[in-house]
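The values are calculated or read from the model by the stated rules, or taken from the named source; none is laboratory data. Nothing here was measured: the structure is a model prediction, and the numbers come from that model. Here Cβ is always computed from backbone atoms with ideal geometry, including for glycine, and neighbour counts include all displayed protein chains. Surface accessibility is based on the protein's heavy atoms, side chains included, excluding ligands, DNA and RNA. Shrake-Rupley method; radii C 1.70, N 1.55, O 1.52, S 1.80 Å.
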Amino acid sequence: AGFHPELSGRENVYINASFLGISRKEIEKRFDEIIEFAELGQFIDEPVKHYSSGMYVRLGFAVAVNLDPDVLLVDEVLAVGDEAFAKKCIGRVKQFQTEGRTIIVVTHAADVVRQVCTRALVLDHGTLVADAKPTEAINIFREHLHGTLLDDSSHLSGPVRLASVELRPTAGGARVEVTVEAD
């Protein structure tokens with residue numbers, strides 16, 4: 001989220017939103033929704049250096065999803081916090097999907113991939129191992145993680161590396177293009 005540890009949660013919300021191009025007037029309209037989503041009302045005026053890692057991530061996610069992004073990049077945030085908060089986050093991600101927004105989820109959590117993804121990339125230190133439907137990608141991830149990946153690499157034409165991830169505008173919003181290169 002890029003929060004400054006010495007500043008309060010409130011101050012960090014305004015600063016983070018301004019970095020994202022949101023005016024102070026607009027953030028004032030959305031501020032209560034952000035704090036309600038993060039469930040941090042009683043702590044919002046405390047410096048974030050006193051927040052737990054879960055509180056910090058809750059606030060960052062709440063800011064991101066309440067600023068109406070066209071593309072949302074989520075890194076392990078759905079694995080943070082209690083079950084009720086995780087469910088609320090997944091609900092918001094699914095809402096974004098129905099609105100046609102692009103969501104990129106970076107996670108090791110197979111259940112999250114199963115719940116919210118229509119496509120999954122398995123990476124190993126930047127090397128693309130698989131680009132598949134979620135269930136197949138999870139199986140490949142687990143095999144690779146446990147060192148049992150067989151020599152049958154029928155899902156690949158050879159070793160490849162992730163070259164770029166780009167956002168391309170479309171008539172209906174945007175699409176993410178993933179480019180891979182042969183090693």
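Restricting attention to the range 115-131 and to residues that are modelled with pLDDT under 90, more than 12 Å from the chain's Cα centre (by Cα) and not in a strand (DSSP E or B), the residue that is surrounded by the fewest Cβ atoms within 10 Å (Cβ to Cβ) turns out to be His125.
Within the range 5-45, restricting attention to residues that are of a type in the set (Gly, Ala, Ser) and closer than 12 Å to Val63 by Cα, which residue is modelled with the highest pLDDT? Explain how you work it out, then say what you get.
Residues of the range 5-45 of a type in the set (Gly, Ala, Ser): 8-9, 17-18, 21, 23, 38, 41.
Adding the requirement that they be closer than 12 Å to Val63 by Cα leaves 9, 17-18, 38.
Details: Gly9: 96, Ala17: 88, Ser18: 88, Ala38: 93.
For the range 5-45, the residue satisfying everything is Gly9.
Looking only at the range 15-47, which residues are more than 24 Å from Lys88 (Cα to Cα) and assigned to a helix (DSSP H, G or I)? Residues satisfying the conditions are Ile15, Ser18, Phe19, Arg24, Lys25. Could you list, in sequence order, all residues of the range 41-84 that are in contact with an Asp or Glu (Cβ under 7 Å, 6 or more places away or on another chain) and open to solvent by less than 70 Å² (accessible area, probe 1.4 Å)? The answer is Pro47, Arg58, Asn66. Any residue at all in the range 62-69 that's β-branched (Val, Ile, Thr), touching a residue at least 60 places away in the same chain (Cβ under 8 Å), over 28 Å from His144 (Cβ atoms) and assigned to a helix (DSSP H, G or I)? Looking for residues that are β-branched (Val, Ile, Thr), touching a residue at least 60 places away in the same chain (Cβ under 8 Å), over 28 Å from His144 (Cβ atoms) and assigned to a helix (DSSP H, G or I), one finds at least one in the range 62-69, hence yes.
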